[in-house]
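The values are calculated or read from the model by the stated rules, or taken from the named source; none is laboratory data. Here the structure is a predicted model, which means the values were calculated and not measured. So basically every Cβ, Gly included, is an ideal-geometry build from the backbone, and we count neighbours across all protein chains shown. The area values use the complete protein model at the heavy-atom level, side chains included, leaving out ligands, DNA and RNA. Shrake-Rupley method; radii C 1.70, N 1.55, O 1.52, S 1.80 Å.
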Amino acid sequence: MIKHSVVRLINGLIRHQSIVTYNQTPSVRLGIRSCQFSTGFVKNMSQYSIIERGQPNSLEYRAFFKGPHGNIISPYHDIPLYVNNDKTVFNMVVEVPRWTNAKMEIATGEKMNPIKQDVKKGKLRYVHNCFPHHGYIWNYGALPQTWEDPCHKDEYTGCKGDNDPLDVCEIGYKVRKKGDVVQVKILGTMALIDEGETDWKMLAIDVTDPLASQLSDVDDITKHMPGFIAATYEWFKIYKIPSGKAANEFAFNGEPKNSAFAVEVIKQTHEQWQKLVSKLTDNGGSACENVGVAGSPYLISTDEAQDIVDKVKLIWLIWLFLYN
């Protein structure tokens with residue numbers, strides 16, 4: 001009788017919060033891990049952290065973000081895109097550390113946009129090791145406050161956006177952690193056409209990397225890291241083949257575009273994001289709740305943001321009671 005009542009409570013909470021239901025038995029893992037926010041361009045050290053719910057490599061895993069003041073934030077909407085006034089340095093949110101295989105991503109359709117593992121047909125997604133590569137060959141992540149509008153046809157690719165923030169390949173020597181917020185400079189971009197959608201891949205480097213002062217454009221990557229552009233092209237072209245899909249296609253015959261071009265793409269997608277959080281366009285299913293975007297109709301209080309995370313924890317603990 002008690003369990004039937006608890007199940008009804010769970011179902012009510014899920015309907016109320018539009019939280020993804022989980023169909024695997026949870027394992028206990030609740031914690032906070034600090035994620036360093038590089039600060040070469042600001043005086044005071046700031047720090048982001050993630051709050052993990054569920055066990056990694058499971059359907060229930062979520063990593064929520066806390067900001068420098070300790071409150072819950074959205075990594076998609078509340079972390080600023082630009083670091084400096086000249087708009088030459090950008091924040092990057094690391095979703096996938098280099099050499100790992102789990103396809104982690106910001107959950108754009110969930111409130112407060114935690115990082116989760118991508119799921120297809122009810123199964124967790126992993127990228128295959130495509131010889132000679134192992135997992136992701138860069139620190140892979142997203143530029144906050146950007147959005148590739150699925151209603152906007154790109155003038156260069158002729159395809160509409162993929163409804164996600166811009167992807168970033170950070171090529172520095174450090175292996176970052178999931179949830180790290182890294183300051184990067186943009187070196188160029190590749191235009192992947194993924195199942196008929198535009199999917200820009202920004203090439204960037206951590207501003208604190210020893211090579212950062214020598215890299216300013218894609219030609220510099222070729223000079224100082226020979227073979228890396230070719231490896232990046234090959235990786236994106238073939239990584240879906242082991243799962244039975246065709247090779248990916250590219251605009252510009254796979255040739256990378258320079259830094260100036262990439263920055264213009266960033267500017268355009270930032271403007272598209274501004275329309276998104278201002279409710280001036282269809283949100284494409286994106287959850288736009290935020291605690292720091294002034295004037296946004298989706299702005300909520302820090303208490304409301306915390307409540308969203310607490311309800312996820314409550315559902316999690318109830319599942320533990322029922323199935324452990």
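Remarks
- Against the test of being in contact with a helix residue (DSSP H, G or I) (Cβ under 7 Å, 6 or more places away or on another chain) and acidic (Asp, Glu), the options Asp199, Asp194, Asp209, Asp217 yield a single qualifying residue, Asp217.
- Some residue of region 169-179 being in a helix (DSSP H, G or I) and farther than 19 Å from Asn84 by Cα: no
One line per residue, one yes/no per condition, for (1) at pLDDT 95 or above; (2) among the β-branched types (Val, Ile, Thr):
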residue: Val265; (1), (2): yes, yes
residue: Leu276; (1), (2): yes, no
residue: Gly284; (1), (2): no, no
residue: Ala287; (1), (2): yes, no
residue: Gly292; (1), (2): yes, no
residue: Ser301; (1), (2): yes, no
residue: Lys313; (1), (2): no, no
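- Candidate set: region 67-86, residues that are open to solvent by 50 Å² or more (accessible area, probe 1.4 Å) and touching a residue at least 12 places away in the same chain (Cβ under 8 Å); chosen: the one farthest from Ala305 (Cα to Cα): Pro80
- In region 163-172, of all residues being under 18 Å from Trp235 (Cβ atoms) and among the acidic types (Asp, Glu), the one that is least open to solvent (accessible area, probe 1.4 Å) corresponds to Glu170.
- Single residue of region 177-216 satisfying the filter (open to solvent by less than 20 Å² (accessible area, probe 1.4 Å) and small (Gly, Ala, Ser)) that is nearest to Lys66 (Cα to Cα): Gly179
- Each residue in region 110-159 was checked for being closer than 18 Å to Val93 by Cα, open to solvent by less than 50 Å² (accessible area, probe 1.4 Å) and either in a loop (DSSP other than H, G, I, E, B) or among the aliphatic types (A, V, I, L, M) (or both), and 16 pass.
- When region 87-114 is filtered for residues that are aliphatic (A, V, I, L, M) and on the phi > 0 side of the Ramachandran plot, only Met112 remains.
- Cβ separations smaller than 8 Å between residues 6+ apart or across chains give the following pairs from region 270-286 residues that are surrounded by 14 or more Cβ atoms within 10 Å (Cβ to Cβ) to residues that are among the β-branched types (Val, Ile, Thr): His270/Thr146; Gln272/Thr146; Gln272/Thr281; Trp273/Thr146; Lys275/Thr281; Val277/Val293; Ser286/Thr108.
- Taken together, the residues in region 239-273 that are in contact with a helix residue (DSSP H, G or I) (Cβ under 6 Å, 6 or more places away or on another chain), closer than 20 Å to Thr222 by Cβ and assigned to a loop (DSSP other than H, G, I, E, B) amount to 1.
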